Amino acid sequence: MASNLTDDQREFYEEARQRTKAEVDEFQNQIDAELAKVRERIQGLKQGVEAARQMYDAACLMLGEPNELADAETED
């Protein structure tokens, strides 16, 4: 098929190919950046959960109450 193209057509398609490759690369870079933000946010949330669980565990211990979160943790 490529052999049937005129020089102008070949130039047009080559420019389109290069332009769209750059667009694909830019979209992928944006996706990677957004995923990094999400991973960072998830890590922060996990740290918050861990800190809250430690506080809850200590409160249960001080009150002599069972810690149902510890049971739920083993089910996860």
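One table, with the values for the structure above:
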quantity: For Asn29: the one exception among (1) part of a helix (DSSP H, G or I); (2) loosely packed, with under 10 Cβ neighbours inside 10 Å; calculated: (2)
quantity: Among (1) surrounded by fewer than 10 Cβ atoms within 10 Å (Cβ to Cβ); (2) part of a helix (DSSP H, G or I) - the single one Ala52 does not satisfy; calculated: (1)
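Each value in this text was obtained by applying a stated rule to the coordinates, not by laboratory testing. In this text, all values refer to a predicted model and were calculated from it rather than measured experimentally. For neighbour counting, all protein chains shown are included, and Cβ atoms are generated from backbone atoms with ideal geometry for every residue, glycine included.
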